[in-house]
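Colleague: Handing you a structure now.
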Amino acid sequence: MPKKDKWNISFESVKFSLLLILVFYGIAFWRYSATGKIFFIYNFVYIGTALALGGFLSNALPKKHILWGRRISQFLIGIYMMGYLGFILHENMQIEGFFFYLFAGVFAAATLHYFIAKIVGPVILNRGWCGWACWTAMVLDFLPWKKPPGRIKNLGIIRYIHFFLSLGLASYFWFIVGTRDNLMIGFYWFAIGNLAYYLIAFILAYTLKDNRAFCKYICPIPPLQKILSPYALLKMSIDTDKCNDCQLCEKNCPMGINLLRYKNEGKRILSTECIICSTCANVCPKEAIKMTMKFDKGERKEYLRYR
């Protein structure tokens, strides 16, 4: 963690970024060698570089500016995914688009994106997509309600209803209506879906005074991520020797996680709601919180703060 008023340029500040570059560049050249498509080179090199840059800045910037590391990654990846892949290349990056391509047997950008970022990827990077790359959260994180008063119990079930509704609607349009020869419907679904997502997200944020209310209660992606995220190598960890139980981490956690209960049990943050946003680490006055990489045997414990 950098000092308050100085840059921190060291191996410690770049090692995680180097790991990201190794992983994403490796995927890029693996897919290129398998398909011969140059798209995979610039796609994964771009995403890996954007993540690595954000990760480096989050470790290296003076503490008062440290938030901009993650914001830069969110912006670079969000604009690329939504703007370039979605509105220029007409890829449907919504979950319905993933189902459409899956039914069609098309190994498109959306298919690969979901496989790496949201299905298998959480084994390594946990729910880092939600914290560092989501184009919906890219905008939501600029809203003023950054310290939610707590979660609303059982409302998260809507995410699962949304997931199965999306699967059901995609199945209906594909197998019954018969859109299998016209993937363009996926693009229109993407455009209208994103408009609806932002509208619902803004209303929820304002009503519940919670920037991430959409993520907690409506977004259909967590049901996919939460399958393998308990096995994630990357998790946040609290140093019991440094922590003074000031609770700033919990009060600032955008996902409403009871972080100190994990610390008191001598465990890393095992909640599948953690999005690895590092907000807890950024506000900790004792520099007691950091990302760590190890295997936790898939243990799942949900300690959450409720209203």
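Please treat every number below as a calculation from the coordinates, not as lab data. On a predicted model such as this, the values are computed, not experimentally measured, just so you know. Neighbour counts run over all protein chains shown; Cβ positions are idealised from the backbone, glycine included.
Colleague: With N denoting the number of residues in region 64-191, provide Rg(C-alpha) divided by 2.2 N^0.38 Å, to two decimal places. Could you put the intermediate results ahead of the total?
Modeller: Numbers: Rg = 16.4 Å, N = 128, 2.2 N^0.38 = 13.9 Å.
After normalising by residue count via 2.2 N^0.38 Å, the value is 1.18.
Colleague: Ok, one more. Got a sec? How would GLU302, GLU91 order by Cβ neighbour count within 10 Å, fewest to most? Kindly include the intermediate steps, with their values, before the conclusion.
Modeller: Working: GLU302 11, GLU91 22.
Listed from fewest to most nearby Cβ atoms, that is GLU302, GLU91.
Colleague: For the chain, what relative contact order do you get, as a whole percent, if you take Cα pairs closer than 8 Å and at least 6 residues apart?
Modeller: Values: 486 pairs, mean separation 56.7, N = 307.
Normalised by residue count, the contact order of the chain is 18 percent.
Colleague: Distance check, please: which entries in LYS15/LYS251; LYS118/LYS301; LYS37/LYS226 exceed 25 angstrom between their Cα atoms? Let's see the in-between values first.
Modeller: Values: LYS15/LYS251 29 Å; LYS118/LYS301 20 Å; LYS37/LYS226 31 Å.
Checking Cα-Cα distances, LYS15/LYS251; LYS37/LYS226 exceed 25 Å.
Colleague: List every residue whose amide H lies under 5 Å from the amide H of ARG151, counting only residues 5 or more places away in sequence or on a different chain, with H placed 1.01 Å from N in the peptide plane.
Modeller: ARG305, TYR306, ARG307
Colleague: For labels at PHE295 and LEU260 in the simple 7 Å Cα→Cβ model, what's the distance in nm?
Modeller: Distance between label points: 3.4 nm.
Colleague: Would you calculate a helix-derived [θ] at 222 nm for the chain, using -39,500 (n - 2.57) for each DSSP H run of n ≥ 4 and dividing by the full residue count, to the nearest 500? Can you show the working numbers first?
Modeller: Details: 15 runs with 158 residues, N = 307.
Theoretical 222 nm ellipticity from helices: -15500 deg cm²/dmol.
Colleague: Just one of [x] 38; [y] 42; [z] 53 is percent of Cα pairs over 28 Å apart as worked out from the coordinates here. Which one is it?
Modeller: Working out percent of Cα pairs over 28 Å apart from the coordinates points to [x].
Colleague: Set the bar at 30 Å for Cα to Cα. Now go through LYS6/LYS209; LYS64/LYS263; LYS146/LYS235; LYS209/LYS242; LYS147/LYS242 and name every pair that lies beyond it. List each step's numbers first, then the result.
Modeller: On the way: LYS6/LYS209 33 Å; LYS64/LYS263 26 Å; LYS146/LYS235 21 Å; LYS209/LYS242 32 Å; LYS147/LYS242 23 Å.
Over 30 Å Cα-Cα: LYS6/LYS209; LYS209/LYS242.
Colleague: Please give the FRET efficiency for THR240 paired with LEU143, using the beta carbon to beta carbon distance and R0 = 51 Å, rounded to the nearest 0.05.
Modeller: Working: r = 34 Å, r/R0 = 0.66.
The value I calculate is 0.90.
Colleague: Also: Under a 5 Å amide H to amide H cut-off, with H placed in plane at 1.01 Å, what residues pair with LYS235 once short-range neighbours are removed?
Modeller: HN-HN under 5 Å from LYS235: THR292, LYS294.
Colleague: What ranking do LYS290, LYS297 get, fewest neighbouring Cβ atoms within 10 angstrom at the top?
Modeller: On the way: LYS290 16, LYS297 6.
Neighbour counts put them in this order, fewest first: LYS297, LYS290.
Colleague: Right, another one. Give me the number: length gained by fully extending TYR42 to LEU18, i.e. 0.36 nm times residue separation minus the C-alpha to C-alpha distance, one decimal in nm.
Modeller: Numbers: separation 24, 0.36 × 24 = 8.64 nm, distance 1.77 nm.
Extra length from TYR42 to LEU18 when fully extended: 6.9 nm.
Colleague: Every cysteine in the chain with no other Cys Cβ under 4.7 Å from its Cβ, please list them in numeric order.
Modeller: CYS130, CYS134, CYS215, CYS219, CYS243, CYS246, CYS253, CYS274, CYS277, CYS284
Colleague: Cut-off under 18 Å on the C-alpha distance; same-chain residues fewer than 8 positions from LYS297 excluded. Which aspartates and glutamates are left, in chain and number order?
Modeller: GLU265, GLU273
Colleague: Enter the angle in degrees (range 0 to 90, nearest 10) between the Cα long axis of helix 39-60 and the first principal axis of the Cα atoms of the chain, meaning the one along which they spread out most.
Modeller: Result, in degrees: 20.
Colleague: Another one. Which length gain, in nm to one decimal place, applies between ALA191 and ILE158 when the Cα-Cα distance is subtracted from 0.36 nm times their residue separation?
Modeller: Values: separation 33, 0.36 × 33 = 11.88 nm, distance 2.19 nm.
That works out to 9.7 nm of additional length.
Colleague: Same structure again: Just the Cα atoms of region 170-298: what Rg and Dmax do they give in Å?
Modeller: Rg, Dmax (Cα atoms, Å): 19.3, 61.
Colleague: Just rank ASP245, ASP239, ASP210, ASP141, fewest to most, by other beta-carbon atoms within 10 angstrom. Let's see the in-between values first.
Modeller: On the way: ASP245 11, ASP239 14, ASP210 27, ASP141 19.
Lowest to highest Cβ neighbour count: ASP245, ASP239, ASP141, ASP210.
Colleague: Rounded to whole Hz and in sequence order, give me ³J(HN,Hα) for region 287-293 from the Karplus expression 6.51 cos²θ - 1.76 cosθ + 1.60, θ = phi - 60°, writing x for Gly and Pro.
Modeller: 6, 9, 10, 7, 6, 9, 10
Colleague: With the crude spin-label approximation of a point 7 Å out along Cα→Cβ, what separation in nm comes out for LEU233 versus GLU287?
Modeller: Computed distance between label sites LEU233 and GLU287 equals 2.6 nm.
Colleague: Quickly work out the HIS65-to-ILE119 label distance, labels modelled 7 Å from Cα along the C-beta direction, and quote it in nm with one decimal.
Modeller: For the pair ILE119/HIS65, the computed spacing is 4.1 nm.
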